[in-house]
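*Asks:* Got a structure here, written out as structure tokens. Questions coming.
The values are calculated or read from the model by the stated rules, or taken from the named source; none is laboratory data. Being a predicted model, the structure only gives us computed values, none of them experimental. Cβ sites come from the backbone with ideal geometry, for glycine too, and all protein chains shown count toward neighbours. We work out accessible area using only protein heavy atoms, side chains counted, and drop any ligands, DNA or RNA first. Shrake-Rupley method; radii C 1.70, N 1.55, O 1.52, S 1.80 Å.
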Amino acid sequence: YVAGYAGYIIGGEEYKSVSNTGDVTFSGNSGDNTLYMGGMAGANKVAGTYTSCSNNGVITLTKGAKANKVHYIAGLIAYTVSGTKITSCTNSTKAGVEYGIVVHQTSSITGGSSAKRIGGIVGQASAPQLTNVSNSAGIYHDGYQLGTAGLSLGGIVGTASGAPTARGTITNRG
């Protein structure tokens, strides 16, 4: 769990005006563990509410990092459960920086099943409730070693299951 604010959020609290401006980088070895990387949170395991939160740091999975399992990577929250509400939150990048999320090849992919779920706001979410969110950070993936599970890459959400809800203005300029 790697993030600018909290790697792993257990409670269903409300987060208001939380901002990350620091870069988040993983260059190590996650072994046989799932990798969660987010500008604000790596994983949110109980539905919470995020209001007016932002990320302006660059999220980078470096070339040669070892990650054998699923990768959840996002500008705000890498992985979240059903019922999470995200309102008026943004992901952007620093002036003069082309990409806000950079994912290079990873080594030691075992079994070819390492799926990547990458999103400007959320990497993977079950029935997310999104209201007035925006992503203006470019997303780069070099396409190397996608594995049999493949790649889900979205300007707002990488993978959404259940019944996602989008209200207000949802903007991707990345």
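*Asks:* Within region 24-37, how many residues turn out to be part of a loop (DSSP other than H, G, I, E, B) and either exposed (fewer than 15 other Cβ atoms within 10 Å of the Cβ) or among the hydrophobic types (A, V, I, L, M, F, W, C) (or both)?
*Replies:* 5
*Asks:* For region 153-173, which residues satisfy the criterion of being open to solvent by 80 Å² or more (accessible area, probe 1.4 Å) and part of a loop (DSSP other than H, G, I, E, B)?
*Replies:* Within region 153-173, Thr169, Arg173 qualify.
*Asks:* Further question: If a residue must be open to solvent by 20 Å² or more (accessible area, probe 1.4 Å) and in contact with a Lys or Arg (Cβ under 9 Å, 6 or more places away or on another chain), how many such residues does region 38-57 contain?
*Replies:* Here the count works out to 5.
*Asks:* Same structure again: Assuming Ala125 fulfils every condition listed in (1) assigned to a loop (DSSP other than H, G, I, E, B); (2) modelled with pLDDT of 90 or more apart from one, which condition is it?
*Replies:* Exception for Ala125: condition (1).
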